[in-house]
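For reference, the structure is listed below as structure tokens.
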Amino acid sequence: MQIKFYGTRGSIPVSSPNTLEYGGNTTCVRISSDCLPPGLVISIDAGSGFVPLSWDALSEKTLKEFLILFTHYHYDHTQGLFLSPVLFKKDLDLKLCGPVDQNIGPKQMLHELMRPPYFPVHHRLVESHITYQNFEFPQTMVIIFHPEGGYNITTIEAYERIINKNNPIPINQGQYPLEECMVITMHKSKHPEQTVSYRIEEKPTGKSFIFLTDHENEDGIPLSFRQHLANADLLVMDSQYSREKYDTFTAGYGHGTPDYCVKVAQQVGAKKLGLTHHDPTSSDQDVKKILLEAENHKTDNNLEIFACSDYLTVNL
């Protein structure tokens with residue numbers, strides 16, 4: 001599995017000489033895996049980093065479909081979609097998936113934001129190649145991928161019935177061994193709006209990646225959340241604020257601190273911890289201070305900690 005970060009900034013995009021090292025694009029991550037069918041590109045969120053991701057993907061001759069998994073619909077996680085060439089390329093299948101909050105799912109989000117006077121192109125002019133998937137109760141949903149069969153979105157109940165009986169996984173018209181699949185499960189995070197954490201597991205390699213952005217500090221880790229995060233090869237977490245800034249005036253904003261991220265990573269047995277959703281006011285030096293703060297709270301020397309940056313690639 002390969003993880004490429006195209007946007008690691010929170011709130012708004014930034015550009016200055018002081019943010020060159022970690023970048024200024026808002027949240028967007030590409031997942032690549034041998035378990036995916038040829039031509040399918042998966043992105044978590046579509047912040048401003050989705051624009052360069054789109055151009056990279058369009059340069060690939062095998063591209064057939066884009067699947068975007070939204071964590072939530074705040075502007076910094078959606079704004080790149082509307083300026084992406086993918087949205088206007090009608091010979092390319094585009095599927096938007098995400099939670100439902102206040103009766104807003106991915107379709108309603110697009111309809112609300114992509115129309116005059118907020119945007120010059122009305123969504124009806126581009127929507128013929130777009131499909132949608134609501135995750136009304138994200139923890140009850142599973143997405144299963146196979147390199148030959150494609151993918152299937154199903155319920156956790158149906159998935160567990162199949163694996164408990166050691167049956168093959170039905171995807172489209174075929175039946176495939178679970179050991180050949182990539183599986184995505186979900187959990188709600190702590191944020192002002194309905195927000196989803198995604199766990200991506202490659203069954204052939206046993207590797208797992210968890211993307212937990214826009215998650216505020218909690219005193220404890222609920223059991224179901226602990227299971228969602230358990231033994232991740234790579235756990236990427238929101239560490240927007242230093243502990244001092246959080247305690248002074250940003251508590252309740254829906255974002256995390258480096259000491260909390262390290263605490264969680266160590267308790268769930270993560271091997272690598274990536275810090276993301278950097279504050280727009282944070283310079284490269286400020287991000288390094290947050291990284292150092294995380295390192296200073298580490299008690300497990302086997303835990304590798306790094307700060308995510310735009311265009312960084314991690315291979316698992």
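Derivation of every value follows stated rules applied to the coordinates shown; laboratory data play no part. What you are looking at is a predicted structure, and each value in this text was computed from that prediction instead of being measured. Using ideal geometry, Cβ is built from the backbone for each residue, glycine included, and neighbour counts are taken over all protein chains shown.
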Rounded to the nearest 20 Debye, what is the dipole magnitude of the chain about its Cα centre when Lys and Arg each give +1 and Asp and Glu each give -1 at the C-beta? 480
Sorting Ala270, Phe119, Cys28 by the position of each Cα along the dipole of the stretch 2-315 (Lys, Arg +1; Asp, Glu -1; all at Cβ), the one nearest the positive end of that ordering is Phe119
So what is the calculated 222 nm ellipticity per residue for the chain, using -39500 (n - 2.57) for each DSSP H run with n of 4 or more, over all residues, to the nearest 500 deg cm²/dmol? -5000 deg cm²/dmol
Alpha carbon convex hull of the chain, volume per residue in cubic angstrom: 135
Net charge near Val126, counting Lys/Arg +1 and Asp/Glu -1 over other residues with Cβ under 10 Å of its Cβ? +2
Scalar couplings 3J(HN,Hα) for the stretch 198-203 by Karplus 6.51 cos²θ - 1.76 cosθ + 1.60 (θ = phi - 60°), nearest whole Hz, x for Gly and Pro, are 10, 10, 10, 10, 8, 5
Between Leu36, Leu292, Leu273, where does the largest GNM mean-square fluctuation fall for the chain, given springs only between Cα atoms within less than 10 Å? Leu292
Give me, ordered by chain and number, the residues 5 or more places off Phe135 or on other chains with an amide H under 5 Å from its own placed amide H. Gly98, Val100
First measure r as the distance between the Cβ atoms of Phe306 and Thr248, then evaluate 1/(1 + (r/R0)^6) with R0 = 30 Å and state the FRET efficiency to the nearest 0.05. 0.70
Summing Lys, Arg as +1 and Asp, Glu as -1, what charge do residues with Cβ under 14 Å from the Cβ of Thr213 carry, Thr213 excluded? -3
Whole-Å distance linking the alpha carbon centroid of the stretch 53-106 with that of the stretch 229-300 is 27
Over 29 Å (Cα to Cα) - which of Lys4/Lys289; Lys64/Lys107; Lys95/Lys271; Lys95/Lys165 fall in this group: Lys95/Lys271; Lys95/Lys165
